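This report concerns only the one structure given below.
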Amino acid sequence: MDIAAYMAEVGERARAAATVVARSTTAMRNRALLATAEALDAARSELAMANAKDLEKGRENGLEPAMLDRLELTPARIDTMIEGLRQVAGLPDPIGEITDMTYRPSGIQVGRMRVPLGVIGIIYESRPNVTVEAASLCLKSGNATILRGGSEAIHSNQAIAACITRGLSDAGLPEEAVQVIKTTDRAAVGELITMPRYVDVIVPRGGKGLIERISQDARVPVIKHLDGVCHVYIDSHADPEKALMVAVNAKTQRYGTCNTMETLLVDQDVAADLLPLLADAFADKGVELRGCELTRQVLADVVPATEADWEAEYLAPILAVKVVDGLDSAIAHINRYSSQHTDSIITENYTRARRFLTEVDSSSVMVNASTRFADGFEYGLGAEIGISTDKIHARGPVGLEGLTSQKYVVFGDGHIRT
């Protein structure tokens, strides 16, 4: 296969489809989503057979159990995909919304209209359910999308793509509105991220290595985050019960997510009282603590922390702990080591909370809440296509609105500029 020619053809078809999808009605796009849900439900046996091929190949290639687990399409996961499509269909349509209308002294009215981005390229690994999630969000927000899943899920993704195609056709939308790349050749990724003529934005979903490569090589804007080095700071004015509850949840509710706490900061004024309680709670959960010198003066058995621990995204039951000299030190540490994903303060002092919100430079900043809430569903976005730690366009969980842009609209009545 001539990869460059193939990808150019995919891009050209996506660009043409994007024009049609952008002018489609909400009802048409919702119908496509609901019809895709019906198609998935009817194709359970085909999905299971395709997924079995991927799982068998994965075992032959020595995929780790965790990767095989993410790859598997269980009946429950198919149910979740179907329900997800129905939920996205029920979300408000952002396209065409006009806001901020004002009259200017000249007499014209100026406002802003929400519009699709155009063609969105999404590159992801292992989990075939991402194919449905990404396609549904892009379609609902009026975009065409090019999806490049991991080679380990090629059969599953193609089976899902067939269902999406049926849904689009049922709604009278072009089948090219959602295209799943048919080749496992990695050169296809290199082409996709260097096609600004056809692709408006790239969203990589996967490990740090994948995202770094995409960010470095892309000639198309990228919506991304590299790490989830999230912090919880327990202030000297914290409620001890809240501090214990939030810190344990932020670390142990799930270990392998980007919004899991990786470093716990404790104010030195409360460290002697709280650290033993925290250590017992984390020990019950099987979490290894790595502490600074001051932490180890209270907890002698804690593993000494190194500089690398303050920058680590463990995605595992390991937690770095540091005792800090007040709010200024906590903010300085976070802004030095944070990946600008999610950081939280536990405090009953309103002034300190406001300072933390203002001065911590992350995409989500919280007061008295677990970092695990940094999620599109929890924020009321319905769903998300990923988390962005960039500062331009979308920041934080990226839902439907994050897959759109705005343009100025002007209303006049024969107005001319003098």
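Would you point out the residue of the range 208-242, among those that are β-branched (Val, Ile, Thr) and in a strand (DSSP E or B), that is farthest from Ile345 (Cα to Cα)? I'd like the intermediate steps shown before the answer.
Of the residues in the range 208-242, the ones β-branched (Val, Ile, Thr) are 211, 214, 220, 222-223, 229, 232, 234.
Add one more test, that the residue is in a strand (DSSP E or B), and what stays is 222, 232, 234.
On the way: Val222: 30, Val232: 6, Ile234: 6 Å.
Across the range 208-242, the extreme among qualifying residues is Val222.
Can you name the residue in the range 375-415 that is modelled with pLDDT of 95 or more and part of a loop (DSSP other than H, G, I, E, B) and is also most open to solvent (accessible area, probe 1.4 Å) among such residues?
Among those that are modelled with pLDDT of 95 or more and part of a loop (DSSP other than H, G, I, E, B), it is Asp413.
Kindly evaluate Thr306 against the criterion of being among the polar types (S, T, N, Q), under 26 Å from Ile211 (Cβ atoms) and open to solvent by less than 50 Å² (accessible area, probe 1.4 Å). Don't jump to the end; show me each part of the working.
On the way: among the polar types (S, T, N, Q): yes; under 26 Å from Ile211 (Cβ atoms): yes; open to solvent by less than 50 Å² (accessible area, probe 1.4 Å): no.
Answer is no for this residue.
Can you tell me which of Val178, Val189 is more than 27 Å from Gly228 (Cα to Cα) and either of a type in the set (Asp, Glu) or within 23 Å of the chain's Cα centre (by Cα) (or both)? Full working, then the answer.
Numbers: Val189 fails: more than 27 Å from Gly228 (Cα to Cα).
None of the other options fit; the residue is Val178.
Which members of the range 322-348 meet the condition of being open to solvent by less than 40 Å² (accessible area, probe 1.4 Å) and in a loop (DSSP other than H, G, I, E, B)?
Selection gives Ser338, Ser339, His341, Thr347.
Is it true that Gly96 is open to solvent by 10 Å² or more (accessible area, probe 1.4 Å), in a loop (DSSP other than H, G, I, E, B) and at pLDDT 95 or above? Don't jump to the end; show me each part of the working.
Details: open to solvent by 10 Å² or more (accessible area, probe 1.4 Å): yes; in a loop (DSSP other than H, G, I, E, B): yes; at pLDDT 95 or above: yes.
Taking the combined requirement at face value, the residue satisfies it.
Tell me the residue from Leu265, Leu275, Leu289, Leu319 that is in a helix (DSSP H, G or I) and either open to solvent by 20 Å² or more (accessible area, probe 1.4 Å) or modelled with pLDDT of 95 or more (or both), please.
Working: Leu265 fails: in a helix (DSSP H, G or I); Leu289 fails: in a helix (DSSP H, G or I); Leu319 fails: in a helix (DSSP H, G or I).
Residue meeting the stated conditions: Leu275.
The values are calculated or read from the model by the stated rules, or taken from the named source; none is laboratory data. In this text, all values refer to a predicted model and were calculated from it rather than measured experimentally. Don't worry about glycine lacking a Cβ; one is built from the backbone with ideal geometry, like all the others, and counts go over all protein chains shown. The protein model used for the area step is the full one, side chains on, heavy atoms only, and it has no ligands, DNA or RNA in it. Shrake-Rupley method; radii C 1.70, N 1.55, O 1.52, S 1.80 Å.
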